[in-house]
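Take a look at the structure below.
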Amino acid sequence: MIAEQTPATLRDPLPDAVDVAVIGAGIAGTAAAWFLARAGVSVLLCEKGRVAGEQSSRNWGWVRQQGRDEAELPIMIEANRLWRGLAEETGEPDLAFTPCGCVHVAPDPQRLAKFERWCEIARRRQLDTRMLTRNEVADLLPGIAGDWIGGMMTPSDGRSEPQTAVPALARAAQRLGVVIAEGCAVRTLDLEGGRLAGIVTERGRVRCGSVVLAGGAWSSLFAGNAGIGLPQLPVRATVIRTGPAPPVVDPNVSLPGLALRRRNDGGYTVATGLIDHFAGPPSFRHAMRFRKLLKQSARDLRLLPAAPRGFPGAWGMARRWTADGQTPFERVRVLDPAPSRAAVRRIRARLPQHVPALGDVGFAGAWAGMIDVTPDAVPVLGEVDAMPGLFVATGLSGHGFGIGPAIGRLIADLIRGRQPGHDLDRFRLRRFFDGSAIVPGPY
């Protein structure tokens, strides 16, 4: 993973003006900058800490179409296609995509019925997902122990390496002319007569006609200071990395309470379904909007009393500030939560139980990241009605690494006044305020 101690290698001088300023150099913001630059648009990409320093380098590394929200799936199918050509198109081997397939297994009829319903969605999109019988699961996953009655598989899914992929895309964007400023927090939007005129960073003002807010877990805090409501809460997810291990499992595999994928270094990235939310003022402010998602996630969600000082949503954190003073974004350059001990214990117990061949393989490290979750667990994408020129790409809800390239492409097209090629109604910000029913996605 990338941390604050990781050297900042992209510290370009700030320009006086650009066409577009992007706030946040995770996968979505970096991809938007790359697509804009490829179209001849001048771009400044500002990152308060390090490129991909937060969840974009801390995720599982899955490039997954399987199990997506139905409205999100067409965008993810495009992202899968984009991933397959990124390394060659950018000249960056670190953007390599490994097609390995994705498998979810079912321990009971209820889970299997859920897979069957999702396969109907896949068939409508002509995706190669198929149901698996008990015997097919055993044949496909001989290294996985357990009584699985069936499953589903999407052969066209795959994986990439988060820690190296997003910085590689940033380098490719820089070669196209994107100005990238690591260690440069954007404090506020710069308004003239109530209209967007640019941004104010800790290093000074930059004029621009459009701004992309892709700040991950920090997006809601930034938007709130600008007077824009953006319901979003951070949750902590913990991941471990094994040492070099035999190739006992090749596809990305999701079991109840355990998920793993093969890494390019010969080990495995392993996670569990356990996530943590640190309660704070936003938790209570948005409680009613999140109630359905909380109910859906109750089995694997732990509510903890308070976030560490300086984390988004923590008690006592400033919610308003001006352009001439230090902001929360400068106080925490890289959000680096400690791994959950409960999650690590759960992985240690379940990995040898379900993957016996990995039982004696040592853990090479554990880390955590803060995922930006919306009330329906699908992103917010598009222009803000109340602030023309401000485009939001946030709330990726733990599914962002795989879909990130396509989100960057469609945001770039929206800014350029082009049709995005997908129906974005499901992802409009105002859905949380116009009386629409909040319906959480399937996973």
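The values are calculated or read from the model by the stated rules, or taken from the named source; none is laboratory data. Keep in mind the model is a prediction, meaning the values are calculated, not measured. Backbone-built Cβ (ideal geometry, glycine too); neighbour counts: all protein chains shown.
A few comments on the model shown:
- Residue within the stretch 351-364 that is touching a residue at least 24 places away in the same chain (Cβ under 8 Å), aliphatic (A, V, I, L, M) and assigned to a loop (DSSP other than H, G, I, E, B) present: yes
- Output for the stretch 132-174, where each listed residue is in a helix (DSSP H, G or I), closer than 22 Å to Ala113 by Cβ and of a type outside the set (D, E, K, R): Asn135, Val137, Ala138, Leu140
- Inspection of the stretch 127-137 finds a residue satisfying the criterion of being touching a helix residue (DSSP H, G or I) at 6+ places or on another chain (Cβ under 6 Å) and crowded, with 22+ Cβ neighbours inside 10 Å.
- Any hit, the stretch 428-435, residues being in the same structural domain as Arg81 (by TED's automatic domain parsing), under 30 Å from Arg159 (Cβ atoms) and modelled with pLDDT of 95 or more: no
- Restricting attention to the stretch 378-391, the residues that are in a loop (DSSP other than H, G, I, E, B) and touching a Phe, Trp or Tyr at 6+ places or on another chain (Cβ under 8 Å) total 3.
- Options Arg38, Arg64; residue that is touching a Gly at 6+ places or on another chain (Cβ under 7 Å), more than 30 Å from Arg331 (Cβ to Cβ), at pLDDT 95 or above and not hydrophobic (A, V, I, L, M, F, W, C): Arg64
- Residue list for the stretch 207-220, restricted to those being assigned to a strand (DSSP E or B) and surrounded by 22 or more Cβ atoms within 10 Å (Cβ to Cβ): Ser210, Val211, Val212, Leu213
- Of all residues in the stretch 14-56 being under 19 Å from Arg84 (Cα atoms) and of a type in the set (S, T, N, Q), the one that is surrounded by the most Cβ atoms within 10 Å (Cβ to Cβ): Thr30
- Per-region count, the stretch 392-436, residues outside any helix (DSSP H, G or I), over 27 Å from Ala237 (Cα atoms) and not charged (D, E, K, R): 9
- Checking Phe311, Phe290 one by one, the residue that is crowded, with 19+ Cβ neighbours inside 10 Å and modelled with pLDDT under 95 is Phe311 and no other.
- Filtered by the rule that a residue be in contact with a Leu (Cβ under 9 Å, 6 or more places away or on another chain), closer than 25 Å to Gly266 by Cα and of a type in the set (S, T, N, Q), the stretch 117-174 gives Thr154, Ser156, Ser160, Thr164.
- Look at (1) in a helix (DSSP H, G or I); (2) surrounded by 17 or more Cβ atoms within 10 Å (Cβ to Cβ) and you find that Asp190 fails only one, number (1).
- Here Leu255 meets the list (1) under 17 Å from Asp372 (Cα atoms); (2) modelled with pLDDT of 95 or more almost entirely, failing just condition (1).
- Phe432 being crowded, with 21+ Cβ neighbours inside 10 Å and not aliphatic (A, V, I, L, M): no
- Those residues of the stretch 359-390 which are within 17 Å of Ala33 (Cα to Cα) and crowded, with 22+ Cβ neighbours inside 10 Å, in sequence order: Leu381
- Residue match in the stretch 158-167 (condition: hydrophobic (A, V, I, L, M, F, W, C) and surrounded by fewer than 24 Cβ atoms within 10 Å (Cβ to Cβ)): no
- Here the stretch 172-193 is the region considered, the condition is being modelled with pLDDT of 95 or more and out of contact with any strand residue (DSSP E or B) (no Cβ under 9 Å at 6 or more places or on another chain), and the residue that is farthest from Ala25 (Cα to Cα) is Arg175.
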